[in-house]
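Rule-based calculations on the coordinates, nothing more; no lab input. Remember, predicted model here, so these are calculated numbers, not experimental data. Glycine also receives a Cβ, built like all others from the backbone with ideal geometry; neighbour counts cover every protein chain displayed.
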Amino acid sequence: MTTLLVTGGAGFIGSNFVRQVLDDPSVRVVNLDLLTYAGNRESVSDLDPARHIFVQGDIGDRALVQRLLSEHQPDGIVHFAAESHVDRSIDDPTAFIRTNVLGTQALLDCALDYWRGGERDGFRFVHVSTDEVYGTLGSDDAAFDESHRYAPNSPYAASKAAADHLARAWHRTYGLPVIITNCSNNYGPYQFPEKLIPLILINALEGERLPVYGDGQQRRDWLFVGDHCAAIQRVMADGRPGRVYNVGGNAEMANLDVVHLLCDLLDKRVPGPKPRRELIDFVQDRPGHDRRYAVNASRIGEELRWSPSVDFAGGLARTVDWYLEQRDWWQRIRDGRYRSERLGTAADRVGAA
Ligand code: NAD
């Protein structure tokens with residue numbers, strides 16, 4: 001049996017990752033998630049409790065993390081837990097520093113003690129990060145590779161950049177087998193409806209206005225979440241400690257084009273009273289809004305033989321289908337009912353005691 005400690009496994013990417021790794025019956029996951037507003041117990045509530053041990057708690061709670069490590073003896077840690085929404089980081093950066101920086105430090109410290117305390121040759125700590133740490137690109141600039149200078153522009157990106165530096169230092173100074181991944185924008189099932197694709201998709205379905213920042217010409221690279229999770233699995237299996245891998249979808253798009261595609265897809269699937277493009281509402285741009293991100297993912301392709309398997313049109317269609325089929329999942333978020341699960345079940349609290 002392989003045991004993984006996954007942090008943030010009730011969030012968007014973490015819950016997809018947990019589902020994907022549990023497809024292998026020899027894997028067991030200890031899922032540590034604080035269930036902030038972005039965490040949703042319902043995203044993982046159907047998983048087999050014998051192989052999915054959910055613990056509601058904070059990565060910054062050293063006593064809890066130490067106890068989980070010693071009790072479950074994981075073979076690796078995959079660290080997703082973070083405050084992840086740029087707009088919220090602009091309104092109130094404190095939680096971002098607390099979780100993304102200090103929480104990551106606590107987790108690294110606990111992982112180091114654990115790793116030093118036994119024969120753990122294959123142990124890996126995968127720190128999941130973002131392309132946003134590299135800042136913004138001009139329209140003709142080459143895509144970010146792993147040697148690109150860090151130049152984070154939002155409090156979110158700055159907090160993730162700080163965490164990346166800590167993760168790197170814990171490898172260089174203490175030898176902890178850390179690997180860092182920097183990925184572009186993800187989309188797919190279970191994404192909290194404050195991020196661009198689920199927000200636009202749900203608003204368009206409900207006939208509500210579709211807010212688009214500035215001129216909508218900010219360009220992002222998009223990757224289907226299942227492909228990101230597969231990349232992390234490749235990194236866990238064969239990545240080199242101390243190495244950084246950029247992960248991207250080779251699918252650079254302007255935000256407005258993404259919104260147009262979503263409107264047109266929905267008009268075909270669920271025709272509304274008028275074309276949904278008419279709901280687009282250009283709103284004042286986000287301060288410090290990065291203009292362009294693009295990722296050069298050739299290193300992970302060449303060294304670990306990973307490449308995206310889903311193209312953007314196919315992934316977007318799958319995502320639209322999922323949100324159409326899983327209305328209950330997002331309606332419970334919209335009306336706040338999902339928060340009733342935030343304190344977890346009695347079993348979770350026993351796990352976290
Ligand atoms: P998310 O906001 O959907 O999920 C974050 C999860 O972390 C939530 O379940 C939340 O409850 C949990 N969490 C927050 N603070 C915690 C704490 N102190 N202790 C324990 N759990 C805590 O985020 P996501 O989009 O799934 O992103 C996951 C990771 O991937 C993040 O580190 C993010 O920076 C990175 N990333 C995201 C994207 C993207 O497009 N979403 C792209 C690249 C990298």
(message) With an 8 Å Cα cut-off and a minimum separation of 6 or more residues, compute the relative contact order for the chain in percent.
(response) 20 percent
(request) Can you tell me what the convex hull of the Cα atoms of segment 33-133 projects to on average, as an area in nm²? (result) 7.5 nm²
(message) Under a Cβ-only charge scheme (Lys and Arg +1, Asp and Glu -1), can you give me the dipole magnitude of segment 127-258 about the Cα centre, in debye to the nearest 20?
(response) 580 debye
(message) If you scale each eigenvalue of the Cα gyration tensor by 5 and take the root, what three semi-axes come out for segment 270-347, rounded to whole angstrom and sorted largest first?
(response) 30, 25, 19
(request) Assuming R0 = 25 Å, can you tell me the calculated FRET efficiency for the pair ALA254 and SER298, based on Cβ-Cβ distance, to the nearest 0.05? (result) 0.60
(message) Can you show me the helix-derived [θ] at 222 nm for the chain, built from DSSP H runs with n ≥ 4 at -39,500 (n - 2.57) apiece and divided by the number of residues, rounded to the nearest 500.
(response) -12000 deg cm²/dmol
(message) For a distance above 36 Å, tell me the whole-number percent of Cα pairs in the chain that qualify.
(response) 17 percent
(message) Under 20 °C and 1.002 mPa s, how fast does segment 83-212 diffuse according to Stokes-Einstein, given a Kirkwood radius computed over C-alpha pairs? Answer in µm²/s, whole number.
(response) 128 µm²/s
(message) Using Cβ contacts closer than 10 Å as the measure, can you line up PHE192, PHE224 from fewest to most?
(response) PHE192, PHE224
(message) Check which residues have an amide H placed less than 5 Å from ASP75's amide H, if you skip close sequence neighbours.
(response) THR3, LEU4, LEU5
(request) Extending each Cα 7 Å along its Cβ direction at ARG120 and TYR37, get the distance between those two points in nm, one decimal. (result) 3.4 nm
(message) Give me a comma-separated list of calculated 3J(HN,Hα) values for segment 231-236, in order, Karplus coefficients 6.51, -1.76, 1.60 applied at θ = phi - 60°, integers in Hz, x for any Gly or Pro.
(response) 5, 5, 4, 5, 5, 4
(request) Tabulate in residue order the Karplus-calculated ³J(HN,Hα) for segment 135-147, using 6.51 cos²θ - 1.76 cosθ + 1.60 with θ = phi - 60°, rounded to whole Hz; enter x for Gly and Pro. (result) x, 10, 10, x, 5, 9, 5, 5, 4, 4, 10, 5, 9
(message) Rounded to whole Å, give me the distance from the Cα center of segment 254-269 to that of segment 42-88.
(response) 35 Å
